[in-house]
1. So for the chain, averaging the separation of alpha carbon pairs under 8 Å that are six or more residues apart and normalising by length, what relative contact order in percent results?
2. What are the ³J(HN,Hα) values, in whole Hz, obtained from phi via the Karplus relation 6.51 cos²θ - 1.76 cosθ + 1.60 with θ = phi - 60°, for each residue of segment 33-41 in sequence order, with x given for Gly and Pro?
3. Suppose every K and R has +1 on its Cβ and every D and E has -1 on its Cβ; what is the size of the dipole of segment 2-181 about the Cα centre, in Debye to the nearest 20?
4. Once label points are set 7 Å from the Cα along Cα→Cβ at both Lys102 and Arg184, what is their separation, rounded to one decimal in nm?
5. Show log10 I(q)/I(0) for segment 51-107 at q = 0.21, 0.27 Å⁻¹, two decimals, from a solvent-free Debye sum over equal Cα scatterers.
6. Out of the DSSP beta bridges found with both residues in the chain, what percent are antiparallel (nearest 5)?
7. Where the centroid of each part is defined by its Cα atoms, how far is segment 133-156 from segment 34-93 in Å?
8. Got a sec? How would Leu130, Leu65 order by Cβ neighbour count within 10 Å, fewest to most?
Amino acid sequence: MKTLFIDKEIKYTGEQLSPHWIYKNFKIKGNSIISFIGECEVNLSHMVDIEDVINNEPIYSKKMLSFIEENFNATLEEMVYKQRLLVTITKELIEKKSPSVKIIRNGDDLYINNKKLSVSIATKSITSTLIHFGLNINAEGAPVNAADLIQDAKIDNIEEFAKELLNNYKEETEDISLAACKVRGVI
């Protein structure tokens, strides 16, 4: 898996959750996960989560750390497992960096003091499966009671955190692949 932290602000609108967006914009071909910082505003017209559309719940964050993964050989269900793995690795990293912070994972969402820190969705395109995972940096204007990485999670260097999370996720997914290759089949 290839990883990259993009060192320029990108506004996440939901349009980026599309096949080959990473390849077309950053020349990374194949299974990959990238991260960037920027405003997040997903209107209902670009919403992938049908439940959010039905409930008329658009997404907004003044500043968000976003991750987009594209995988060309995972089913949608496998991608949901990967989404949950990414969320769990994020929880572990926040707990390592900020031991005093009590963070709760509920499915693919993270909470601090009953405030929502993250947004996440896994979906399928015509050629691949995709994940968007976002963590509020500045939750000002969010339509829900929201936590953020700086004030609530006590993460002071967002870029360093993003790069470490990308690396931890890459190592874990590669280790899973190696674990599957080392076993003998049974009859």
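1. Numbers: 351 pairs, mean separation 42.1, N = 187.
With pairs under 8 Å counted, the relative contact order is 23 percent.
2. Rounded to whole hertz, the list is 9, 10, 9, 7, 10, x, 4, 10, 9.
3. 220
4. Roughly 4.9 nm, to one decimal.
5. Debye output, listed in q order: -1.09, -1.12.
6. 85
7. 15
8. With the sparsest Cβ surroundings first, the list reads Leu130, Leu65.
Rule-based calculations on the coordinates, nothing more; no lab input. Remember, predicted model here, so these are calculated numbers, not experimental data. No Cβ is skipped: glycine too gets one built from the backbone with ideal geometry, and neighbour counts run over all protein chains shown.
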